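Presented below is the structure to which this report refers.
The values are calculated or read from the model by the stated rules, or taken from the named source; none is laboratory data. What you see is a predicted model, and the numbers here were worked out from it, not measured in a lab. Here the Cβ positions follow ideal geometry from the backbone for every residue, glycine too, while neighbour counts run over all protein chains shown.
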Amino acid sequence: MRKIMASLDVGSDTVKLVVGEVYKKKLNILAIAESNSQGVKKGIVENQNQLIYGIKDVITKCESIIGLKIKQMIVSVPSNEAAFKIVEGTISIDNPDQVIEGTDVIKAFKTAIKTYRDETMEYITLMPTGFSLSDGRIVKDPKGLTSTTLTVRGVLVSTPKINIYPILDCLDKLNIEVLDITLDAIGDYFEIRNKDIDKQLGALINIGSDKTTLSIFNKGVITNSKIIGIGGKNIENDLSYLYKISLTDSKYLKEKISVASMKNAQESEIIEIENANKEILQLTQKDITQVVNSRIEEILNLCKKEINYLTKKQISYIIFTGGLTECRDFIIPLEEIFGKTAKVGVIEEIGARDNKYSSCLGLLKFYAATAELKNKDYSIFTIEEQQELSGADLGTQEESVVSKLFGYIFNN
């Protein structure tokens with residue numbers, strides 16, 4: 001069975017949906033869509049009816065690309081006030097040959113989760129740090145090994161219910177089944193991870209629309225996080241207020257005209273734009289960049305300060321992601337404030353090479369890794385639907401699903 005899943009990321013600026021297949025630990029995008037997000041502020045849903053419209057729009061767009069109905073998905077939720085607790089659980093291996101199976105891993109997870117419960121919070125996921133066997137061995141994946149007992153130790157991630165239930169209510173009204181939920185920061189990590197950082201302690205920072213999420217990961221496991229209530233939207237507000245222009249125009253100036261550093265800002269590049277007083281303004285790239293750069297430096301300095309509060313240990317890497325990191329020359333103020341330790345994450349998947357998709361893409365990889373650990377097969381499509389998706393039995397149709405997919409990918 002092909003491992004096909006859909007992941008939804010509800011942001012304050014956009015709602016994003018990705019349908020992808022993980023094959024040999026590589027993600028292949030089948031469809032991707034985004035829509036304006038309304039009714040959401042700093043990651044928290046304030047108006048479900050407005051949000052439903054955006055979610056329905058991205059589902060419709062993806063369905064039109066793949067030609068199949070999407071009835072199930074996994075969802076990322078904001079890291080606002082998330083909690084992280086070390087837990088441990090032990091079970092006996094009851095099968096006659098005492099070989100550990102995926103079902104045993106699931107039982108160990110459930111046992112560990114039951115050791116800690118906070119009624120004010122909702123359990124999200126358990127990120128294992130390792131499995132212990134009866135002979136003292138500690139392994140990352142115990143399946144297929146022989147032992148009389150299995151102990152899992154890890155970090156239990158939970159979040160306030162207000163972060164989750166409004167999103168679940170929206171999806172329930174759209175008759176969408178939610179298969180799994182996890183933090184947006186965990187999705188970010190699984191998108192940028194590699195063998196080196198999986199062995200190290202570091203910081204991952206996502207600069208979103210109206211908030212910035214800082215997370216600490218130790219050997220691939222999240223241990224702490226912090227939300228800073230400032231992001232790319234603040235730049236748009238600055239430009240709108242300063243020049244008395246619409247937020248639509250200020251967003252265009254931020255994304256299409258500005259650069260992140262004054263070093264490469266050009267006075268010769270000029271754009272004319274009408275303000276609220278019907279006056280035609282002539283703004284240079286340098287004028288616009290001065291506003292953008294000032295706010296970016298403020299965000300970066302706040303991040304640098306907060307990292308010191310999140311961990312007192314020496315960190316090996318600092319990786320930035322999120323939509324604002326796509327601003328041209330972002331690396332210049334980043335290195336001026338953080339030095340060479342800090343990097344900008346790079347998304348390599350064809351069709352989604354933009355850091356605003358990092359949470360959504362990484363969530364698919366996280367789900368695939370978790371399913372592999374539990375030895376669970378999965379797909380949101382039946383075998384018959386997968387055959388249709390592969391182009392089988394479509395010879396009489398004018399345009400197969402495969403041709404649609406290739407058209408989408410090479411247009412993005």
Practice task
Among the numbered conditions (1) more than 28 Å from C360 (Cβ to Cβ); (2) of a type in the set (S, T, N, Q); (3) at pLDDT 95 or above, tell me where N308 comes up short.
Solution key: (3)
Exercise for the section: For segment 366-383, indicate whether the set of residues that are at pLDDT below 90 and assigned to a helix (DSSP H, G or I) is non-empty. Expected result: yes
Practice task
Go over the candidates I192, I228, I181, I197 one by one and state the one that is closer than 16 Å to I124 by Cα, among the aliphatic types (A, V, I, L, M) and in contact with a strand residue (DSSP E or B) (Cβ under 6 Å, 6 or more places away or on another chain).
Solution key: I181
Exercise for the section: Scan segment 85-132 residue by residue and report those that are in a loop (DSSP other than H, G, I, E, B) and in contact with a Pro (Cβ under 9 Å, 6 or more places away or on another chain). Expected result: I100, T120
Problem - Leading residue by the ranking (farthest from the chain's Cα centre (by Cα)) among those in segment 171-184 that are buried (at least 24 other Cβ atoms within 10 Å of the Cβ) and not charged (D, E, K, R) - result: T182
Practice task
Kindly provide the set of residues from segment 189-220 that are in contact with a Ser or Thr (Cβ under 6 Å, 6 or more places away or on another chain) and closer than 18 Å to V77 by Cβ, ordered by number.
Solution key: E191, L204, N206, S209, D210, T213, S215
Exercise for the section: For segment 133-173, name all the residues that are outside any helix (DSSP H, G or I), among the charged types (D, E, K, R) and in contact (Cβ under 8 Å) with a residue 40 or more places away in the chain. Expected result: D141, K143, R153
Handout entry: segment 337-362 residues that are on the phi > 0 side of the Ramachandran plot, paired with ones that are of a type in the set (A, V, I, L, M) and not in a helix (DSSP H, G or I) (beta carbon under 7 Å, 6 or more apart)
Key = G351/I29; G351/I32
Completion exercise
Screening G144, G208, G187, G220 for residues that are under 17 Å from the mean Cα position of the chain (by Cα), among the small types (G, A, S) and either surrounded by fewer than 20 Cβ atoms within 10 Å (Cβ to Cβ) or in the same structural domain as T115 (by TED's automatic domain parsing) (or both) leaves only G220
Problem - Breaking point among (1) modelled with pLDDT of 95 or more; (2) over 23 Å from Q72 (Cα atoms); (3) out of contact with any Phe, Trp or Tyr (no Cβ under 6 Å at 6 or more places or on another chain), for T120 - result: (1)
Exercise for the section: Could you figure out which of (1) touching a residue at least 60 places away in the same chain (Cβ under 8 Å); (2) among the charged types (D, E, K, R); (3) under 23 Å from D196 (Cβ atoms) isn't true of K312? Expected result: (1)
Exercise for the section: Any chance you could count how many residues in segment 152-176 are in contact with a helix residue (DSSP H, G or I) (Cβ under 8 Å, 6 or more places away or on another chain) and either basic (K, R) or not assigned by TED's automatic domain parsing to the domain that holds G130 (or both)? Expected result: 9
Fill in the blank from the handout: The residue that is nearest to the chain's Cα centre (by Cα), considering only those in segment 301-339 that are among the acidic types (D, E) and closer than 30 Å to Q285 by Cα, is E326
Fill in the blank from the handout: From the option list G11, G43, G67, G39, single residue qualifying as in contact with a Pro (Cβ under 7 Å, 6 or more places away or on another chain) and at pLDDT below 95 is G43
Practice task
Sort through L253, L247 and tell me the only one that's within 25 Å of R295 (Cα to Cα), surrounded by 24 or more Cβ atoms within 10 Å (Cβ to Cβ), of a type outside the set (D, E) and over 21 Å from the mean Cα position of the chain (by Cα).
Solution key: L253
Completion exercise
By residue number, the members of segment 284-326 that are farther than 15 Å from V259 by Cβ and basic (K, R) are K304, K305, K312, K313
